[in-house]
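Enquirer: I have a structure I would like to understand better, so I am pasting it below and will then ask my questions one at a time.
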Amino acid sequence: MNNKIFSLEALNAFHGDCLLLHYGTTDKPKLILIDGGPAGTFENSLRPRLEELRSQRNRDPLVIDHVMVTHLDNDHITGVLHLINEIESGDDQFFARSYWFNTFEDAMKHLPAEIKQAKKTLAKSDKATINAAVEHASINEGRSLRDAVIRLQGVRNGNAKFLFAEGKGQQLDIDGLRATLICPDARHLAALGEKWRTTAVKNKATTAAYVDTSVFNLSSIVVVLRSSAAKDAPSILLTGDARGDHILAGLSNANMLSNEGTAHFSVLKVPHHGSDRNLTLEFFQAVSADFYVISGDGKYSNPSEQVLEWIAATAPKEATICMTYDQNTQYPKLSPSIDRIKKRHAHFEEQLCVRGPNDALIRIDLLHPLDE
């Protein structure tokens, strides 16, 4: 029997993100890779899962219909680069032709003119300062991905140069899905320019760090995926490392908020691994879900106890909170923070669904179960 599928898998990506979305039908399943996690994810989680799917589906090579990189930090992009290296090696296990991502250079082109000029002047006067300020930003990885897609003759961003929501939400050409890009938005870069203009101190280091870090973060891709155009179709809000207030603005621009300023999704991929540096209580009061997916192993204190508290306080009582880790000897603060949430919120333990220590992933089936 040919049934529709719409299943999200959160793989063990340590402190990063690595998701697989299965859609289409049981007879003709399609696959999207969303982020590839940091070093170690491809070898330990992603490649074994892709090999398993290749065997189950008797596909040689296994076609990954789309690859999406929401953010260029190495905890999102490294596994994708390893996958591309494997594709380029010519062993024909996996293949992907369509890629969706923004690069740092793409975002820089959309900056206000005065900031671009400041950057250009700084680059000429003190290249070492600039390089030091942006070292963390994985800019080289973004270039590597862009160059690899060119070598593979892949299609990038549906042939658009840069993924911009343009204040209204943009429909992406992803066959078999309704995909709406809601971030990044040009107005966020314009606001960055205004903030920079009103900043009192504009020395080399602060300008380089402020512009580069801000532009890098503002280019994070946020997409709403639905299994069809029907209003009641299952939906997934993919958030990358975007800020909560920017996500809410994107939902508003795309007319996805109710009159009360709220939105509900089948799945919310909790932004930035549950970091309280990107999120507020107001975000979780506005956005709710049947399933909350948190990918983080305790590194950098993610997920933070504060974010878990906000989710416990605002999530529907029937919601499921999916975590890739609830304990980690390497980051021992994670388990006690979860225990404290359980004590404060009696229902939290019942809502919690944690990847087993020997399991490669957590799967959420929103339509027909993937394995049936």
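Enquirer: When the range 161-187 is examined, which residues are found to be over 21 Å from MET256 (Cβ atoms) and either among the aromatic types (Phe, Trp, Tyr) or free of Cβ contacts under 8 Å to residues at least 60 places away in the same chain (or both)? Talk me through it step by step, then tell me what you get.
Expert: Our first condition is that a residue be over 21 Å from MET256 (Cβ atoms); within the range 161-187, this holds for 161-162, 175.
Those that are over 21 Å from MET256 (Cβ atoms) and either among the aromatic types (Phe, Trp, Tyr) or free of Cβ contacts under 8 Å to residues at least 60 places away in the same chain (or both): LYS161, PHE162.
Enquirer: Taking the range 49-62 only, how many residues are modelled with pLDDT of 95 or more and either within 16 Å of VAL149 (Cβ to Cβ) or in contact with a helix residue (DSSP H, G or I) (Cβ under 9 Å, 6 or more places away or on another chain) (or both)?
Expert: Number satisfying all stated conditions: 3.
Enquirer: Considering only the range 69-95, how many residues are in contact with a His (Cβ under 9 Å, 6 or more places away or on another chain), of a type in the set (A, V, I, L, M) and not in a helix (DSSP H, G or I)?
Expert: Residues that pass the stated criteria total 1.
Enquirer: May I ask you to verify whether ASP185 is at pLDDT 70 or above and of a type in the set (D, E, K, R)?
Expert: Numbers: at pLDDT 70 or above: yes; of a type in the set (D, E, K, R): yes.
So ASP185 fits the description; yes.
Enquirer: Where residues in the range 298-321 are touching a residue at least 60 places away in the same chain (Cβ under 8 Å) and of a type outside the set (Ser, Thr, Tyr), which of them is surrounded by the fewest Cβ atoms within 10 Å (Cβ to Cβ)?
Expert: LYS299
Enquirer: Taking the range 268-309, which residues are in contact with a helix residue (DSSP H, G or I) (Cβ under 8 Å, 6 or more places away or on another chain) and of a type in the set (Asp, Glu)?
Expert: ASP276, GLU282, ASP297, GLU305, GLU309
Enquirer: I'd like the full set of residues that are surrounded by fewer than 24 Cβ atoms within 10 Å (Cβ to Cβ) and assigned to a strand (DSSP E or B), limited to the range 33-48.
Expert: Those that are surrounded by fewer than 24 Cβ atoms within 10 Å (Cβ to Cβ) and assigned to a strand (DSSP E or B): none in the range 33-48.
Enquirer: Quick one: LEU281 ticks every box in (1) in contact with a strand residue (DSSP E or B) (Cβ under 9 Å, 6 or more places away or on another chain); (2) more than 24 Å from TYR23 (Cα to Cα); (3) surrounded by fewer than 18 Cβ atoms within 10 Å (Cβ to Cβ); (4) not small (Gly, Ala, Ser) bar one, so which box is it?
Expert: (1)
Enquirer: Taking the residues in the range 27-60 that are basic (Lys, Arg) and farther than 22 Å from PRO357 by Cα as candidates, determine which candidate is nearest to the chain's Cα centre (by Cα).
Expert: Filtering first and then ranking leaves LYS30.
Enquirer: Which of the following residues is basic (Lys, Arg) and either modelled with pLDDT of 70 or more or within 24 Å of the chain's Cα centre (by Cα) (or both): LYS109, LYS124?
Expert: Answer to the check: LYS109.
Enquirer: How many residues, within the range 350-362, are within 20 Å of PRO316 (Cα to Cα), out of contact with any helix residue (DSSP H, G or I) (no Cβ under 9 Å at 6 or more places or on another chain) and not hydrophobic (A, V, I, L, M, F, W, C)?
Expert: The number of residues fulfilling the criteria is 1.
Enquirer: Still on this structure: From (1) more than 26 Å from ALA230 (Cβ to Cβ); (2) at pLDDT below 95; (3) not polar (S, T, N, Q), pick out the condition that doesn't hold for LEU46.
Expert: Just one mismatch for LEU46, condition (2).
The values are calculated or read from the model by the stated rules, or taken from the named source; none is laboratory data. Small disclaimer: the values here were computed from a predicted structure and weren't measured. Cβ sites come from the backbone with ideal geometry, for glycine too, and all protein chains shown count toward neighbours.
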